[in-house]
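Every read-out reported here was derived from the displayed coordinates using simple, explicitly stated rules and does not represent laboratory data. Computed from a prediction, not measured in an experiment: that's the story for all the values here. All Cβ positions, glycine included, derive from the backbone under ideal geometry; neighbour counts span all protein chains shown.
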Amino acid sequence: MFRTCESRWFLRPDHPSVPLLEAAFSGLDPERTATDRYLVTGRDDVGIKVRGHGRPDARLEVKLRQGALGPIALGPVVAGAVDEPGRAAATVELWSKASATEGSDLERETAWVEVAKERRLRRWAVRGDVVEERAAAEGEIASQAELCRVRRDGAPWITFGVETHGDHGDLVGAHLAVLRRALASIGDVELRAADAVGYPAWLQRDP
């Protein structure tokens, strides 16, 4: 098992912030184009998927949400509710994850959904109060900002998220630092708390 902090938003392709997000990841080749298979459990605190379904290196992954913080305002300070247009609001979810090779009794369950993904990444490293956009070295907290085009039941979506992992240090503080740095580099995006959900919760919504 390993720990992660995650913040994610799911947006329709015509969302006004999509051009800014795509510009921030332009020039980066997709690091992963694959189909993941998710088991819809009816719960937003449990995630079960086959990563790279149908590939020789496919793996079964299980994650359990240990807690959540938010909504947290990340944009300019303005009057009004957290979920106000023109500012970013995030939920930070803390997960424990484990993985194994594909193939188990879960494969006989019927409530599986296939999600095609094309993902671009920007990597960040955190050591103490220093946050830098680069691959993390040993002893540093690693984080990545992700822009992913996904397709579920034929419907296209865009998901933007930041995932931070490590077994030492202030994982939540490092995650928020990277999240703020990544959003500052993108520009004046509108990311609403209503769209800030993880994959397990998103899969329960209408496609």
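Couplings for region 163-173, taken from phi via the Karplus curve 6.51 cos²θ - 1.76 cosθ + 1.60 with θ = phi - 60°, read 10, 10, 9, x, 9, 8, x, 8, 5, 5, x Hz in order; Gly and Pro are left as x. Ordering 55-64, 155-164 by mean Cβ neighbour count within 10 Å, with the highest value first, yields 155-164, 55-64.
Simple spin-label estimate for residue 184 and residue 14 gives 3.5 nm between the two label positions (7 Å along the Cα-to-Cβ direction from each Cα).
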